[in-house]
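Visitor: Encoded as structure tokens, here's the structure I'll be asking about.
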Amino acid sequence: METGFCGPGLMGAPMIRHLLHAGHSVHLWNRTRAKAEALRAEGAHVVDTPRELAARCDAVLLCVADAAAVEQIVFGPAGLLDGGSRRGAPLARCLCRPRHAHG
């Protein structure tokens, strides 16, 4: 299973490390590329856009700060649902209200 992850920050990076150390293949995207690149040395694959995650991964996890970030990552230009090349399902984990986690 190919796993995608948006948001390798304070909460996301430890989750990604656990997945990598357990032998999972993890692809990353972050708007601040340096945060994603920091995990490349531990085995993560870094991609250029959320759309690329959707094309490569069976599931995409989001660990971002708010509903606006979820909207941008999922529905924005080059977002997870842009271009129709979706392979897996986006799964949100963010600090936002439940009403924003629709799908």
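The values are calculated or read from the model by the stated rules, or taken from the named source; none is laboratory data. Remember, it's a predicted structure, so these values are computed and weren't measured experimentally. Please note: Cβ atoms are built from the backbone with ideal geometry, for glycine as well, and neighbour counts cover all protein chains shown.
Visitor: Name the single residue, out of those in segment 31-47 being modelled with pLDDT under 95 and under 11 Å from the mean Cα position of the chain (by Cα), that is farthest from Ile73 (Cα to Cα).
Guide: Among them, the one singled out is Ala36.
Visitor: Give me a count of the residues in segment 32-64 that are part of a strand (DSSP E or B) and aliphatic (A, V, I, L, M).
Guide: Residues meeting the conditions: 6.
Visitor: If you don't mind, there's one more thing I want to ask. Inspect all residues belonging to segment 66-89 and state whether any of them is surrounded by 14 or more Cβ atoms within 10 Å (Cβ to Cβ), in a strand (DSSP E or B) and at pLDDT below 90.
Guide: No, segment 66-89 has no match at all.
Visitor: Same structure again: Can you run down the residue pairs with Cβ atoms below 6 Å, 6 or more apart or on separate chains, where the first is in segment 4-18 and over 21 Å from Glu71 (Cα atoms) and the partner is hydrophobic (A, V, I, L, M, F, W, C)?
Guide: Ile16/Phe5; Ile16/Val26; Ile16/Leu39
Visitor: Just name the residue that is nearest to Cys63 (Cα to Cα) out of those in segment 19-45 that are among the polar types (S, T, N, Q) and touching a residue at least 24 places away in the same chain (Cβ under 8 Å).
Guide: Checking each candidate, the answer is Asn30.
Visitor: Provide a single number: the residues in segment 1-31 that are part of a helix (DSSP H, G or I), out of contact with any Cys (no Cβ under 6 Å at 6 or more places or on another chain) and crowded, with 22+ Cβ neighbours inside 10 Å. Give the derivation first.
Guide: Start the filter on segment 1-31 by keeping residues that are part of a helix (DSSP H, G or I), which leaves 12-21.
Narrowing the set further to residues that are out of contact with any Cys (no Cβ under 6 Å at 6 or more places or on another chain) leaves 13-21.
Adding the requirement that they be crowded, with 22+ Cβ neighbours inside 10 Å leaves 16.
Of the residues in that region, 1 qualify.
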